[in-house]
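Asks: I have a structure here, written as structure tokens, and I will follow up with some questions on it.
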Amino acid sequence: MLDLLLTQVRLQQETALMDVGVRQGRFTYLAPSQPNHRPDALQTEDGAGGMLLPGFIEPHIHLEKAYLLSRMEQEAASLQDAIRMTAEMKHGFTKEDMQERSLTVIREAVRSGVTHMRCHAEVDPILGLSAFEAALELKERVKPVLDLQIVVFPQEGIAQSPGTAELMDEAMRLGGDVVGGITYQDADLKEHLRFVFDLAEKHGKPIDFHADFSDNPEQLAIADIAAKTIAAGMQGLVAAGHVTSLGSLEHHRAVSVVEQIKKADLQIMSLPATDLYINGRGDLEKPRRGLTPIGLLLEHSVNVVIGVNNVRNPFTPFGKADPLETAWLVAVSAYMGGEADARHLIHMLTDGAARALGVQDYGIRIGAKADMVLFAVQTERDILLDKPEHRTVWKRGVKSAETRVSSELQRF
Ligand SMILES: [Zn+2]
């Protein structure tokens, strides 16, 4: 007896309508839809021909500094300005305040179909471990609807912010999932990388950098990260967000760096809303877009994924935690407008992100965890273009969100 049977759904790479069954939180039945031959189930839902995707994975987000617009007197004029403004506001953060704003983001994400998320919790002498501990409590609280990975993130730098190194070690000991780094906040890059890789080795955890967030083509920490990853034997376990400097580098040099990225199997995370908003503003003529060179990376088969990063704060004073918003922005800005591109963008939000985050037992297949989102439209391209509100989300076979919208049009 199945716990849940979902009938008449469309799956990626399948032409026939399918029935999908769940037992004890995992997919145990998958067959072409046959109305007269259906297994018994405690609960049956009609998918009505809509497309069923594995749950979305948000690979890079900042929860405790989301929703700060009402506390800002003006918008940031640069990256350093955004960091300074946020650091000032951090002095007023309390645990309840951080958790409340984090939950607003998480609710929006879950409603949008997100079943896994990687957040960066800031660890530094301003916040101490309070943001990290707030995230750790939330991780337990939201477990029924979301798997949350916590990156121990030194936003203020490590060497330039004394005390941070010890706090990071303590946070990793208390249950941090990933060691964070930020290549543009410390003067000595080699020392920064040495500390981050040593901490990852000590705790046996993967690494996630904020790297090369600028238009300066000479800022190429990513090449050092690639070399260090290979030396440490951590291929596939190191991620880097932004990597926008590479987008300003002349082509032949960029190709050689991308080859190193591929060799190290770095997981590249493009964060287009923040990158478009912050980068390029110093260019008085021919402003650059300041984006991760997604096309070039994909040409070399690098695993590129996309994240919302910030929601309504000095770094990005807009946005919400719907991965389809990010995908749409990437489609427009990275020239990914075709049908195959739409499929690849959905891949970035699902299987590609699962690989980047090391998520196991993922996807709509027998034995995997039943994390899924059902749309009322029939193709991946329609999901991307419509960003339909109408969605139903299940986490380990239990419904976590259902959104229905109705509109009434006057006759015309
Ligand atoms: Zn970030």
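Asks: Would you call residue 258 within 16 Å of the ligand (Cβ to nearest atom) and open to solvent by less than 30 Å² (accessible area, probe 1.4 Å)? If you could, list the steps in order and put the result at the bottom.
Replies: Details: within 16 Å of the ligand (Cβ to nearest atom): no; open to solvent by less than 30 Å² (accessible area, probe 1.4 Å): yes.
Considered against the rule, which asks whether it is within 16 Å of the ligand (Cβ to nearest atom) and open to solvent by less than 30 Å² (accessible area, probe 1.4 Å), residue 258 comes out as no.
Asks: Conditions first: (1) touching a Phe, Trp or Tyr at 6+ places or on another chain (Cβ under 8 Å); (2) on the phi > 0 side of the Ramachandran plot; (3) not hydroxyl-bearing (Ser, Thr, Tyr). Residue 280 passes all but one, so which condition is the exception?
Replies: The one condition residue 280 does not meet is (1).
For every residue, the table says whether it meets (1) in the same structural domain as residue 330 (by TED's automatic domain parsing); (2) under 23 Å from residue 354 (Cβ atoms); (3) at pLDDT 95 or above.
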position	(1), (2), (3)
208	yes, yes, yes
217	yes, no, no
224	yes, no, yes
229	yes, yes, yes
236	yes, yes, yes
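Asks: Just to be sure, is residue 339 at pLDDT 95 or above, assigned by TED's automatic domain parsing to the domain that holds residue 102 and out of contact with any helix residue (DSSP H, G or I) (no Cβ under 7 Å at 6 or more places or on another chain)?
Replies: Numbers: at pLDDT 95 or above: yes; assigned by TED's automatic domain parsing to the domain that holds residue 102: yes; out of contact with any helix residue (DSSP H, G or I) (no Cβ under 7 Å at 6 or more places or on another chain): no.
Judged against the criteria, residue 339 is not a match.
Asks: Identify, please: which residue in the stretch 240-251 is assigned to a loop (DSSP other than H, G, I, E, B) and within 16 Å of the ligand (Cβ to nearest atom) and is, among those, surrounded by the most Cβ atoms within 10 Å (Cβ to Cβ)? Before you say what the answer is, go through the steps one by one.
Replies: Start the filter on the stretch 240-251 by keeping residues that are assigned to a loop (DSSP other than H, G, I, E, B), which leaves 243-244, 249-250.
Adding the requirement that they be within 16 Å of the ligand (Cβ to nearest atom) leaves 243-244.
On the way: 243: 32, 244: 29.
Per the criteria, the residue is 243.
Asks: Consider the stretch 58-74. How many of its residues are out of contact with any helix residue (DSSP H, G or I) (no Cβ under 8 Å at 6 or more places or on another chain), part of a loop (DSSP other than H, G, I, E, B) and more than 16 Å from the ligand (Cβ to nearest atom)?
Replies: 2
Asks: If you go through the stretch 107-140 one residue at a time, how many are farther than 21 Å from residue 401 by Cα and aliphatic (A, V, I, L, M)?
Replies: Residues meeting the conditions: 9.
Asks: Select from the stretch 306-321 the residues that are farther than 17 Å from residue 334 by Cβ and under 13 Å from the mean Cα position of the chain (by Cα) and write down the one among them that is nearest to the ligand (Cβ to nearest atom).
Replies: Our first condition is that a residue be farther than 17 Å from residue 334 by Cβ; within the stretch 306-321, this holds for 310-321.
From what is left, the residues that are under 13 Å from the mean Cα position of the chain (by Cα) are 310-311, 320-321.
Details: 310: 7, 311: 11, 320: 16, 321: 13 Å.
Applying the filter and picking the extreme gives 310.
Asks: So, of the residues in the stretch 279-297 that are assigned to a helix (DSSP H, G or I) and either small (Gly, Ala, Ser) or under 19 Å from the mean Cα position of the chain (by Cα) (or both), which turns out to be farthest from the ligand (Cβ to nearest atom)?
Replies: Across the stretch 279-297, the extreme among qualifying residues is 295.
Asks: Enumerate the pairs (first residue in the stretch 269-295 and outside the structural domain of residue 237 (by TED's automatic domain parsing) and under 19 Å from residue 81 (Cβ atoms); second residue anywhere and open to solvent by less than 60 Å² (accessible area, probe 1.4 Å) and of a type outside the set (Lys, Arg)) with beta-carbon separation below 6 Å, excluding pairs fewer than 6 apart on the same chain, so at least 6 apart or on different chains.
Replies: If the second residue must be open to solvent by less than 60 Å² (accessible area, probe 1.4 Å) and of a type outside the set (Lys, Arg), no pairs are left.
Asks: Residue by residue through the stretch 102-116, note down the ones that are within 16 Å of the ligand (Cβ to nearest atom) and either over 20 Å from residue 351 (Cα atoms) or in contact with a helix residue (DSSP H, G or I) (Cβ under 6 Å, 6 or more places away or on another chain) (or both).
Replies: Within the stretch 102-116, 102, 105 meet the criteria.
Yes/no matrix, rows are residues, columns are (1) closer than 21 Å to residue 131 by Cβ; (2) among the hydrophobic types (A, V, I, L, M, F, W, C):
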residue	(1), (2)
178	yes, yes
187	no, yes
191	no, no
247	no, no
280	no, no
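The values are calculated or read from the model by the stated rules, or taken from the named source; none is laboratory data. Because the structure is a prediction, the values reported are computed rather than measured. Reconstructed Cβ throughout: ideal geometry from the backbone, glycine too, with neighbour counts over all protein chains shown. Calculation scope for accessible area: heavy atoms of the full protein, side chains included, ligands and nucleic acids excluded. Shrake-Rupley method; radii C 1.70, N 1.55, O 1.52, S 1.80 Å.
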